[in-house]
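Here's the structure, in structure tokens; my notes come after.
The values are calculated or read from the model by the stated rules, or taken from the named source; none is laboratory data. In this text the structure is predicted, and so the values were computed from the model without any measurement. Here the Cβ positions follow ideal geometry from the backbone for every residue, glycine too, while neighbour counts run over all protein chains shown.
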Amino acid sequence: MEPEAFEVCPYDPHHRIPLRRLQYHLASCRRKNPKKAKKMAICKYNACHVVPIKKLEEHEAVCVNRSSLEEEDTENPLKVSLPSSEQNDDPQQTFIPQKLVCENDTKESTRETSPQKILRPGQ
């Protein structure tokens with residue numbers, strides 16, 4: 001049987017935590033050390049990587065959990081390309097945002113304005 005690997009807690013260097021419990025410990029220790037937690041940042045590639053805020057950018061550039069997909073476009077992962085108006089002159093296919101109201105919403109708003117009877121036990 002292999003010996004279990006331990007990690008040092010970034011919030012308290014006296015804490016040595018088994019890797020399998022590290023994520024739970026970090027959440028607990030973060031709450032118990034709010035002053036230290038304000039100076040630390042969490043890596044966006046691995047929540048168990050907690051580093052000083054000043055070193056976060058450096059860490060994320062070399063993080064072992066960083067994937068090649070993340071490198072392509074981290075700013076706008078959900079880009080949507082809409083057809084330009086030059087390509088399509090049909091006014092029926094132009095999207096115009098409007099406020100949509102469901103029937104339930106209008107019923108609830110009229111209910112909120114009308115006085116309500118308060119029911120008490122035994123009535």
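General remarks:
- Residue in the range 10-19 that is part of a loop (DSSP other than H, G, I, E, B), free of Cβ contacts under 8 Å to residues at least 60 places away in the same chain, closer than 25 Å to K54 by Cβ and out of contact with any strand residue (DSSP E or B) (no Cβ under 9 Å at 6 or more places or on another chain) present: yes
- So K79, is it within 26 Å of the chain's Cα centre (by Cα), among the basic types (K, R) and at pLDDT 80 or above: no
- Annotation note: of K107, K39, the sole residue that is modelled with pLDDT of 60 or more and either of a type outside the set (F, W, Y) or exposed (fewer than 10 other Cβ atoms within 10 Å of the Cβ) (or both) is K39.
- The range 42-76: number of residues that are of a type outside the set (A, V, I, L, M, F, W, C), over 19 Å from the mean Cα position of the chain (by Cα), surrounded by fewer than 15 Cβ atoms within 10 Å (Cβ to Cβ) and modelled with pLDDT of 90 or more: 4
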